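The values are calculated or read from the model by the stated rules, or taken from the named source; none is laboratory data. Everything numeric in this text was worked out from a predicted model, so none of it was measured. All Cβ positions, glycine included, derive from the backbone under ideal geometry; neighbour counts span all protein chains shown.
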Amino acid sequence: MFSHLAIYAIAILTTAGVIIRPFRIAEYAWAAAGALLLVITGLLSPVEAFKGIAKGTDVYLFLIGMMLLAEVARQEGLFNWLAFHAAKAAKGSPVRLFILIFLVGTVVTAFLSNDATAIVLTPAVAAAVRAVNVKKPLPYLYICAFIANAASFVLPVSNPANLVIYESHLPPLADWLRIFGLPSLLSVLVTFLALFITQKKHLGGSIDLQVPSQALSAGGKVALCGIIATTMLLTAVSAMNLQLGLPTAVAGALTACCVVLFLKKKPAAILRAVSWPVLLLVAGLFIILEGLDKAGFITFLSGLLNTSALLDPGQTAWVSGTALAAGCNLVNNLPAGLIAGSAVAAAQPPELIRSCLLVGVDVGPNLSVTGSLATLLWLVELKREGIAVSAWQFLKLGAVVMIPALFAALAALYIG
C-alpha cells in the first residue's frame, strides 16, 4: 500500500513540476526526474521502466519525423514563403488573416495530426505575422494551439491518441464520419467563435499590404513536397489501421536526406536544431504511466467504468468524457489516453462511452498548457520565436474556449 501511495505522490509532483516549472526548469527535466525517481526508489524496476518507454515507440517515431520535416522547412525558407502568400491573401485585413490561419490550421490538423499543427504551422504563422508587422501576434498563434486539439478528431489520423482509445482498431472511415462528423464540426466552430470573440479586440487596425516577395528555394520545394507526401502517406496508413510513427519518421528522414544529398546541406545543422528534449518528456510520461498501472490505478478505473456503465450508460458517457477532459490537463492527454484506452479495453463499455472518452481526450486538453503533447510542442516553438505564454494566461483563455466546445461535442454525440 505504501509503495502505491508513493507512486501516486511522485506522479502528482512530477505533473505539478511540468505544469508550474518551478525555478524555470524545463518540462522535460521534471518528467525525466520523476521517472528516474520511480526507478531509484525501487518503485519500478529498470525492466518495468523500459517497458513503459517501449510503449511510446510509435509516438517517438512520429515526433522525430515531424520535427525533421519542420526543421528542413524552416531552414529552407518554406515558412517564409508561406508567410508571404498568407499575408498577401489577407489583403491588409487582420480579421481575414485570422480566419485564413484558422482554416489552414483545421486542414493541417485533420490530415497531418495535431502534433504537426504545433510543429509545422506555428513557425509559419510566426513568420506570417512578422512579415505584415502585426503588433500583437498571440491571437494568431493561439489558433495553432487550440485548433490542434479542437479538430483532432475530424479524421482518425488527426490525433495519435485516437488509436489509443480504439486500441489501433479504428472504425471504418464512413462509420467514423457518421459518429464524429457533427461533434467535430461543432468543436471547430465553437472554438473559432470563442477565440474570435476573445481576441477580436486585438484584431483592429490594418496590417502591411506591401510584403517583401519571397521566392521558394530548391530546398523549400523539397520540404513542401515532403510535407505533401507525408500527408498523403499518413492518410493512406490511417485508412489501413496501421501505426503512424514509422511512416512519419521515414518520410521526415527521406526529406532531410534529399536536402542533404542533392542540395549539399549540412546534416548537423538540421539535427542540432531539432527539439530532442521533447522525446525525453514523452518517455518520462510513459514511465510515470507504467508506475500508475503497477499501482492498480487502471484496474480501479476499469472496474468503476464497468459498474457505472451497467447502472446508467448515458450518464456514465457524459461523466467519463468530462472527467477524462479534466484528467488530460492534470497528466497530459498522452498518458491519460493510454490509461483510458486500457480501462476501456478491460471494461468493454457501450460505444457511446468510448466515443465520449475520445472527445474528452481530444478536446479536453485545450484547457491548459500541459493538456496535450501538441500544446507542449507549441510552447517549444513559441520559445524559439522569443514569445512567452504563462500557464495562467493560457488557462484563463482555455476555460473560455474548451468548456463550451467540449459540451457541444458531447451533446452532439447524444443527438447522433
> For residue 389, are the conditions met, namely being under 19 Å from the mean Cα position of the chain (by Cα), of a type outside the set (Gly, Ala, Ser) and in a helix (DSSP H, G or I)?
Replying inline: no
> Just one of the numbered conditions (1) assigned to a helix (DSSP H, G or I); (2) at pLDDT 90 or above; (3) over 24 Å from the mean Cα position of the chain (by Cα) is not true of residue 4; which one?
Replying inline: (2)
>> I need a count of the residues in segment 223-244 that are crowded, with 21+ Cβ neighbours inside 10 Å and either farther than 14 Å from residue 162 by Cβ or touching an Asp or Glu at 6+ places or on another chain (Cβ under 6 Å) (or both).
In response: 4
> Only one of (1) surrounded by fewer than 24 Cβ atoms within 10 Å (Cβ to Cβ); (2) assigned to a helix (DSSP H, G or I); (3) in contact with a helix residue (DSSP H, G or I) (Cβ under 8 Å, 6 or more places away or on another chain) is not met by residue 396, so which one is it?
Replying inline: (3)
>> Can you go through 38, 44, 121 and tell me which one is modelled with pLDDT of 85 or more, touching a helix residue (DSSP H, G or I) at 6+ places or on another chain (Cβ under 6 Å), of a type in the set (A, V, I, L, M) and within 21 Å of residue 222 (Cβ to Cβ)?
In response: 121
> Could you list, in sequence order, the residues of segment 143-157 that are touching an Asp or Glu at 6+ places or on another chain (Cβ under 9 Å) and over 21 Å from residue 126 (Cα atoms)?
Replying inline: 152, 153
> Of the residues 273, 326, 340, which is within 27 Å of residue 406 (Cβ to Cβ), touching a residue at least 12 places away in the same chain (Cβ under 8 Å) and surrounded by fewer than 22 Cβ atoms within 10 Å (Cβ to Cβ)?
Replying inline: 326
> Somewhere in segment 88-104, is a residue surrounded by fewer than 22 Cβ atoms within 10 Å (Cβ to Cβ), free of Cβ contacts under 8 Å to residues at least 12 places away in the same chain and farther than 23 Å from residue 362 by Cβ?
Replying inline: yes
>> List the helices (runs of 4 or more DSSP H) inside segment 307-383, counting only whole elements, that have at least 1 residues being among the basic types (Lys, Arg) and either under 29 Å from residue 119 (Cβ atoms) or at pLDDT below 90 (or both).
In response: 351-363
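Select from segment 234-278 the residues that are charged (D, E, K, R) and assigned to a loop (DSSP other than H, G, I, E, B) and write down the one among them that is farthest from residue 72 (Cα to Cα).
Quick first cut of segment 234-278, residues charged (D, E, K, R) only: 264-266, 272.
Now narrow it down to the ones that are assigned to a loop (DSSP other than H, G, I, E, B): 264-266.
Values: 264: 13, 265: 10, 266: 11 Å.
The extreme case among them is 264.
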>> Quick check on my filter: what residues within segment 162-203 are in a helix (DSSP H, G or I) and hydroxyl-bearing (Ser, Thr, Tyr)?
In response: 184, 187, 191, 198
